1. Quick test for you: out of Gln58, Gln77, pick the one residue that is of a type in the set (S, T, N, Q) and crowded, with 17+ Cβ neighbours inside 10 Å.
2. Please report, ordered by residue number, the helices (runs of 4 or more DSSP H) entirely within region 1-102 with at least 1 residues that are modelled with pLDDT of 90 or more.
3. Kindly establish whether Glu29 is of a type in the set (Asp, Glu), touching a residue at least 12 places away in the same chain (Cβ under 8 Å) and out of contact with any Leu (no Cβ under 7 Å at 6 or more places or on another chain).
4. Out of everything in region 103-116 that is over 15 Å from the mean Cα position of the chain (by Cα) and of a type in the set (S, T, N, Q), what residue ends up being modelled with the highest pLDDT?
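The values are calculated or read from the model by the stated rules, or taken from the named source; none is laboratory data. The structure displayed is predicted, hence computed values, not measured ones. When we count neighbours, we look across all protein chains shown, and the Cβ atoms used for this are built from the backbone with ideal geometry, even at glycine.
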Amino acid sequence: MTDEAPDFDLDLDPKACWALRHPEFFPVEVNRASYHALLRVPGIGVTSARRICAARSQAFLSYDTLRRLGIVLKRAQYFITCKGKYYGATTDPVRIRQLLLARPSAQTAYEPMSLF
């Protein structure tokens, strides 16, 4: 986080918030990115990153292959490329935030846990 924006955006999940604040890291190429780089992509968790690493050892992955592997592309599409092709609508972080919030699953706001 930065001095200008010290907190996470409560409308987004923390991973998406971090990704939008670090556009220099994205998009990552799923056929070349390390396991740890894949874990930073919103929509790609531990299981999905393992599936990607295992599958790409057999062949280059396409967008349809990722879909068949069960990768959540609703969020990931804005932060990845497949065979050099970008499938997101835009690379502008402000517009990506709007698109992520327009999704029905993103309608509930995230709230910090209470210690009391």
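1. From the options Gln58, Gln77, the qualifying one is Gln77.
2. So the answer is 35-39, 46-56, 63-69, 73-76.
3. yes
4. That would be Ser114.
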